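Data first, discussion second: the structure below is written as structure tokens.
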Amino acid sequence: MSGIVIKTFEEIEKMRVAGRAAASVLDFVTPHVVPGVSTEKLNALCHDFIVSRGWVPAPLHYHGFPKSICTSVNNVVCHGIPSGQEVLCDGDVVNIDITVIVDGFHGDTSRMFLVGDVDEKSRLLVQRTHDAMMLGIDVVKPGVHFNDIGVAISAFVKQFGYGIVRDFAGHGIGRVFHEPPNVLHYDAGFSRALIREGMIFTVEPMINMTQEWRVVVDARDGWTARTVDGARSAQWEHTVLVTSTGTEILTQS
Ligand code: MF3
Ligand code: CO
Ligand code: CO
């Protein structure tokens, strides 16, 4: 037994609604991601958008996380905490990660944003990380091993000399924010559980500009994960449903 639940038709329908809701928050915030805006302002805008619709921002107070969204700038890999002190500058890249609860079910998605004029190396990292996520999603169908997602991502990413973060993974999702399985984005070298129709999980690779894949979590806030060498990192995330032939991406707008 893998411990991975198969969703019912009713649960799947609610996950579709939650997924679309999460994507709509990213659509809403997009025009606000410009030089001079603070990450706290982005948090406040998203928070108000979410609660005014009767949805719940899942990160807020999740294991003590203090804000409603994650904002991860440049060398921050994930779980960046929005702050009024942190103002986006021309040339920055930022990941905004949105998780909303709608009628008890979670939708989880993140995108990268280019702030102003971004250098080509960073733009390529952002684009290729999106490609890596989609290639990972593309291998998903019933009967495939979870490890095949990581195999596909690492086969693609290898040619660029990037590092794939290992300390964070995609995850099953439903009524619970993070549930089995762990969806690894690198080749773990052995076969994990089999993917089956009706599973719902995220694919959310974090890719570093250098081969260095290790991260360090900020000792003061306990959340902010940064690359150990200061290199930039990119991430994209979708929540996907396994169908009889492949996937349905639930967090598309
Ligand atoms: N949204 C993140 C993920 O993709 C999790 C954030 S946990 C938080 O799994 F506490 F930082 F919000
Ligand atoms: Co996630
Ligand atoms: Co997320």
Placing +1 at every Lys and Arg Cβ and -1 at every Asp and Glu Cβ, with all other atoms neutral, what dipole size does the chain have around its Cα centre, in debye to the nearest 20? 300
With a/c under 1.5 counting as rounded, go ahead and sort the chain into rounded, prolate or oblate using the C-alpha gyration tensor (a ≥ b ≥ c being the square roots of the eigenvalues; past the cut-off, prolate if a/b is larger than b/c, else oblate). oblate
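By per-residue mean of other Cβ atoms within 10 Å, what is the highest-first order of 172-178, 96-102, 41-47, 2-8?
Working: 172-178: 18.1, 96-102: 24.6, 41-47: 20.1, 2-8: 14.3.
Result, highest mean first: 96-102, 41-47, 172-178, 2-8.
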Percent relative contact order for the chain, counting Cα pairs under 8 Å at least six residues apart, stands at 24
Remind me, relative contact order of region 168-253 in percent, using alpha carbon pairs under 8 angstrom and six or more residues apart? 26
I'd like to know which of Val151, Ile173, Ala132 lies farthest towards the positive end of the charge dipole of region 9-249, counting +1 on Cβ of Lys and Arg and -1 on Cβ of Asp and Glu. Val151
Counting only pairs 8 or more residues apart or on different chains, how many lysine pairs in the chain have their Cα atoms under 30 Å apart? 9
Once normalised by the length of region 101-248, the mean sequence separation of its alpha carbon contacts under 8 Å that are 6 or more apart gives a contact order in percent of 31
Centroid-to-centroid separation of region 102-160 and region 4-62 [C-alpha atoms, Å]: 19
Candidate residues His32, His171: accessible-area rank, largest first, probe 1.4 Å: His32, His171
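The values are calculated or read from the model by the stated rules, or taken from the named source; none is laboratory data. Just so you know, these numbers come straight off a predicted model, no measurement behind them. Cβ atoms come from the backbone with ideal geometry, glycine included; neighbour counts cover every protein chain shown. Side chains included, ligands, DNA and RNA excluded: accessible areas come from the protein's heavy atoms. Shrake-Rupley method; radii C 1.70, N 1.55, O 1.52, S 1.80 Å.
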